[in-house]
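**Student:** Structure below; questions to follow.
Here, each number is a calculation from the coordinates, and none is a lab measurement. A quick note: this is a predicted structure, and the numbers were derived from the prediction, not measured. Here the Cβ positions follow ideal geometry from the backbone for every residue, glycine too, while neighbour counts run over all protein chains shown.
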Amino acid sequence: MSSEAFEKARADLGVIDTMIGFPAPREEQAKHYDFIRRQTHDADSQEWEFPAQYMFKGVPHYDKVDDPVEMLLAKMNQHGITRALTGMAVDGNAKIALERHPDRFIASTNTDPNQGMDAVRKLEQDVRVHGARAVNCWGTGLIPQVPLNDKKMYPIYAKCIELDIPIFVYAGVPGPRIRFAPQEVALLDEVCWFFPELKIVTRHGGEPWSELMVKLLLKWPNLHYSTSAFAPKHYNKDIIHFANTRGADKVIYAGYYPMGLDIDRIFAELPHVPFRDHVWPKFLYENAARLLKV
Amino acid sequence: MTMPTDVGVIDLMIATPFRAGARTYQFLRANLRDRESLDEFEFPAQYMFKDVPHPEAGDDPVRFLLEQMDRFGIEKGMLGVSFSEERSADSLRALKQHPDRFFGSLEVDPNRGMDAVRDLQRAVEELGVKAATAFPAGLYPQVPINDAKFYPIYAKCIELDIPICVCAGVPGPRVPFAPQYVGLIDEVCWYFPELKFVTRHGCEPWADLAVKLLLKWPNLYYSTSAFAPRYYPEAVVKFANTRGADKVMYAGYYPMGLSLDRIFKEMPDVPFRDHVWPKFLRENAERVFKLS
Amino acid sequence: MTAYETARAGGVVDTAVGFPKSREDMFEFYEFIRKGSHDAATTAGELEFPAGYMFKNVPKWESDEMGDPVEMLFLEHQRHGITQAIVGVEDEVGRRAVRDLPDHFFASIGIDPNEGMDAVRKIDRYANEFDLKAVGAFPSGLYPQVALNDKMFYPIYAKCIEVGVAFCSTAGVPGPRLQFAPQEVALIDEVCWFFPELVFVTRHGCEPWTALAAKLLLKWPNLYYSTTAFAPKYYPADIINFANTRGADKVIFSGYFPAGLTYERIFNELPGVPFRDHVWQKFLRENAQRVFKLPAEDLS
């Protein structure tokens, strides 16, 4: 039942993956996480290629990548991912992808609220001039960390409302061995109250506060949840139940390729998620399309 | 596990139907920020409730409410009152005319400092109220359960030997939950062990923590207001069936969000054990609110 | 002529002025302060002006003494040599003043961060309609109070920077019997650190933390001090000393008319302030013109 509805939604609408990156050779990928290592204190994190690797099986590894953009696109095609939300500035790949395949990639800019007004101006520039349709902020990974309800976030939130774009933020205990306090789910309540117009999409699960997450998703109309970094077999039960009952419009598909999950694994497991039929098209496509104005 | 029908139920949260045009939820507006709550919702938590009752009470809402209570075997109901004639005219009349059927609880706002303390004293003396009630997240400004501004109110409740009923858990209306986080109750019960503190509105999603605290603090109680019986948290039902038979009390939410029809239709399916039922429906309230 | 007289002849800017109101209207205006107060003298209205216990001879007009407020204020300014003034434009009186006398009156608004994005949009809206010179706040007088370093203020600060308008706030213990915590001078440090571009002008004295205020004025290039609500004989010694040494560009004259001080009193006392010669012109006119972007001409 579920898997037929999944197939039909994928065939009819396609899939928007709201979290994807470009494959990179091992050393390069490992180096990308230096910013996390800088604020870890344990020995493992200094050595591990991927600072959350203790949580993932089968993290994709490549010794050599010839053309990251075409390689990703082939993977997307293989699984029916029609569009992907990707960062703008991590490396040159995003730029190439956005230029070469504007119908397949959607740009998300990144923000560091520690930069104050420069961050606000960069956000405005990236949206108005460079066509970003979302902003990403992982406050817990910043140095210094910036909690979700921190005052430094407030000018960013205000600007998102002015620009009418969603902000993707992280909630729940993070995998890397850094403090979780800045992304406790409870912090979202104050932000949603003060900025009811702000469109927020959480990433990375909201665990172990999924019950509270559901309460807040129900309470705040512009708060959304995306499944990034979770293999479908580990999708949270509270969230699935919520999507199946009152929350079909609030839960959004996101993968985690190539950071921690292979797309092959995601799409092998995905059809078995017990979503009800009407949820699938919204989950895979419509909710993200609405927020990202596809 | 059969619900008895002859205990003379005490409902710890009931109200006379609202008069047409009454601005019942006006007080919440100052804390609301989202347009839907401000412009569209009649009842700020309506997105959580199915079939919010809109009883046609005619011109005597007190009589109407009594008839409803008779239908469902509710012997006594606790009404929230204030000294505001505009807000409380019907409730004040109900208390005066039917003292055997109604008892009052005074709505307190700690932002008013000593005036609130004095009002509480006066309400006990003049209106015979049996409790204080507070909605921390609905106050303007909000006042957390463990805020210093609440402390003189708590002290006065102890002096007057009355319980205080306080909303705890994520509130339905779109205001911040922080002032009603269940964890805050711990400090209050520690500092005022004599205070009879009764939670309202479910304590969700921290029902497990609520149970821990109910076990820990002898004078902490739980009431089921605003929850349809089919949604009573499992942890609380289990607690009532094991060590907490004396700590959990029935409160409805009529007519704010639930009809009595629905409540009493669903109620027999709550898996309370036999010895719990009379305590839950009547005896605990009778003792805690000193009604006999 | 003394340096003070020369400076004054070149024109004086008052950066915070209200229009005369009748006693009844003024009383009504202070309702927002009574709302947040707990003491009987204030809440019962025994104190007609909630900070009245601090002031002698507060200007008052009975309703039958009231004429056109714009004309009354303008005449008052002409009598005392005030050449430019920043006034609120949130009511019709202020709007008419800036429209009819654009060389004399300049626009400002008050802000309440409790209003969230509506407050942010308010700045945009007024900046589009007027040549907005200042956004003012009274943190202790808001309901609920909002501290200067509170997150609710941050989108306001960001918007002031974007629009290029100065932010003015009361700082120090407020006269009305409200808590001072939201406007403790120390809070300004964090704001100036995070928003170094923000032009921040303190109002109402910064007492009793004037030594700290002087430190911060020296530390933060875009932080300024204005003398609102202080009769010149009470200007804090720390501030006078700072203006005379490194801070000649940082201290800005303001009166408190008609809320608490008459111009007669201000200009009687002003020559007695021990500013050094080079300070006067900057204090009375030039600093305000630069900081608030007012047209600058020496009228002497």
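**Student:** Average partner chain C-beta neighbours within 10 Å, per residue of C:18-31?
**Tutor:** Mean partner-chain Cβ count within 10 Å for C:18-31: 0.
**Student:** Taking the Cα centre of chain A as origin, work out the dipole magnitude from +1 charges on Lys and Arg Cβ and -1 charges on Asp and Glu Cβ, in debye rounded to 20.
**Tutor:** About 540 debye.
**Student:** So if I take the centroid of the Cα atoms in segment A:26-81 and the same for segment B:257-285, what is the distance between those two points in Å?
**Tutor:** Cα centroid of segment A:26-81 versus Cα centroid of segment B:257-285: 55 Å apart.
**Student:** For labels at residue C:91 and residue C:103 in the simple 7 Å Cα→Cβ model, what's the distance in nm?
**Tutor:** My value for the distance between the label points is 2.8 nm.
**Student:** Would you work out which of A:88, A:9, A:45 lies farthest towards the positive end of the dipole of segment A:1-108? Charges go on Cβ: Lys and Arg +1, Asp and Glu -1.
**Tutor:** Looking along the dipole axis, the top candidate is A:9.
**Student:** A further question on this structure: Among A:194-203, C:77-86, C:98-107, how do they line up from the highest to the lowest mean number of other beta-carbon atoms within 10 Å?
**Tutor:** A:194-203, C:77-86, C:98-107
**Student:** Calculated FRET efficiency, residue B:238 and residue C:35, Cβ-Cβ r, R0 41 Å, to nearest 0.05?
**Tutor:** For R0 = 41 Å, the calculated efficiency reads 0.30.
**Student:** How high is the FRET efficiency from residue C:79 to residue C:193, r the C-beta distance, R0 30 Å, rounded to 0.05?
**Tutor:** About 0.10, to the nearest 0.05.
**Student:** Next up: Quick one: 3J(HN,Hα) in Hz for segment B:246-262, Karplus 6.51/-1.76/1.60 with θ = phi - 60°, rounded, Gly and Pro as x.
**Tutor:** Using θ = phi - 60°, the values come out as 8, 10, 10, 10, 6, 9, x, 6, 9, x, 4, x, 10, 8, 5, 3, 5 Hz.
**Student:** Under the 0.36 nm per residue contour assumption, what length would be gained going from the current alpha-carbon distance of residue A:272 and residue A:114 to full extension?
**Tutor:** 52.7 nm
**Student:** While we're here: Quote the relative contact order of segment C:1-88 in percent (integer), defining contacts as alpha-carbon pairs under 8 Å separated by 6+ residues.
**Tutor:** This gives 53 percent for segment C:1-88.
**Student:** Moving to a separate point now. Which of the listed residues, C:153, C:55, C:187, is farthest toward the dipole's positive end in chain C, when Lys, Arg count +1 and Asp, Glu count -1 at the beta-carbon?
**Tutor:** C:187
**Student:** How many partner chain Cβ atoms sit within 10 Å of a residue's Cβ in peptide C:153-160, on average, as a whole number?
**Tutor:** Mean shielding by partner chains, rounded to a whole number: 6.
**Student:** Loop only by DSSP, 13 or fewer other Cβ within 10 Å of the Cβ. Give me the trypsin sites (Lys or Arg not before Pro) in segment B:42-113 that pass, ordered by residue number.
**Tutor:** Within segment B:42-113, the qualifying trypsin sites (Lys or Arg not before Pro) (loop, at most 13 other Cβ atoms within 10 Å) are B:50.
**Student:** Whole Å is fine, so just give me how far the alpha carbon centre of segment C:83-135 lies from that of segment B:23-38.
**Tutor:** 28 Å
**Student:** Would you look at the GNM of chain A, springs on alpha carbons closer than 10 Å, and say which of A:176, A:274, A:25 moves the most?
**Tutor:** Of A:176, A:274, A:25, the most mobile in the Gaussian network model is A:25.
**Student:** Once both labels are modelled 7 Å past Cα along the beta-carbon direction, what's the residue B:261-residue C:5 spacing in nm?
**Tutor:** 9.1 nm
**Student:** If we sort C:199-207, B:230-238, C:172-180 on the protection proxy, mean other Cβ atoms within 10 Å, highest first, what's the order?
**Tutor:** C:199-207, C:172-180, B:230-238
**Student:** Inside 10 Å of the C-beta atoms of A:149-162, what's the mean count of C-beta atoms belonging to other chains?
**Tutor:** Per residue, the average neighbour count from other chains is 6.
**Student:** Here's another thing I want to ask about it. Can you pick out the pairs among A:31/A:57; C:21/C:233; A:250/B:216; A:8/A:237; A:8/A:293 whose Cα atoms lie more than 30 Å from each other?
**Tutor:** Over 30 Å Cα-Cα: A:250/B:216.
**Student:** Quick one: of the DSSP bridges fully inside the protein assembly as shown, what percent are antiparallel, nearest 5?
**Tutor:** 0 percent
**Student:** Within segment A:248-272, name every residue whose backbone N is under 17 Å away from a label modeled 7 Å from Cα of residue A:233 along the Cβ vector.
**Tutor:** Correct set: A:256, A:260-272.
**Student:** Just grab the label-to-label distance for residue A:181 and residue A:40, each label 7 Å out from Cα along the Cβ direction, in nm (one decimal).
**Tutor:** 2.1 nm
**Student:** Using 0.36 nm per residue of separation minus the Cα-Cα distance, give me the extension gain between residue A:78 and residue A:26 in nm, one decimal.
**Tutor:** 16.4 nm
**Student:** Explain nothing, just the number: dipole magnitude of chain C about its Cα centre with +1 on each Lys and Arg Cβ and -1 on each Asp and Glu Cβ, in debye rounded to the nearest 20.
**Tutor:** 880 debye
**Student:** So how do B:174-184, C:29-39 stack up, highest first, on mean other-Cβ count within 10 Å?
**Tutor:** Result, highest mean Cβ count within 10 Å first: B:174-184, C:29-39.
**Student:** Which net charge results for the neighbourhood of residue C:232, defined as the other residues with beta-carbon distances under 10 angstrom from its beta-carbon, given Lys and Arg at +1 and Asp and Glu at -1?
**Tutor:** +1
**Student:** Keeping to pairs on different chains or 8 or more places apart, tell me how many lysine pairs in segment C:26-162 have Cα atoms under 16 Å apart.
**Tutor:** Summing the qualifying lysine pairs gives 4.
**Student:** In debye to the nearest 20, how big a dipole does the protein assembly as shown give about its Cα centre with +1 on each Lys and Arg Cβ and -1 on each Asp and Glu Cβ?
**Tutor:** That gives a dipole near 1240 debye.
**Student:** Okay, next question. Once R0 is set to 30 Å, what does the formula 1/(1 + (r/R0)^6) return for the Cβ-Cβ distance between residue A:294 and residue B:36, expressed as a FRET efficiency to the nearest 0.05?
**Tutor:** 0.75
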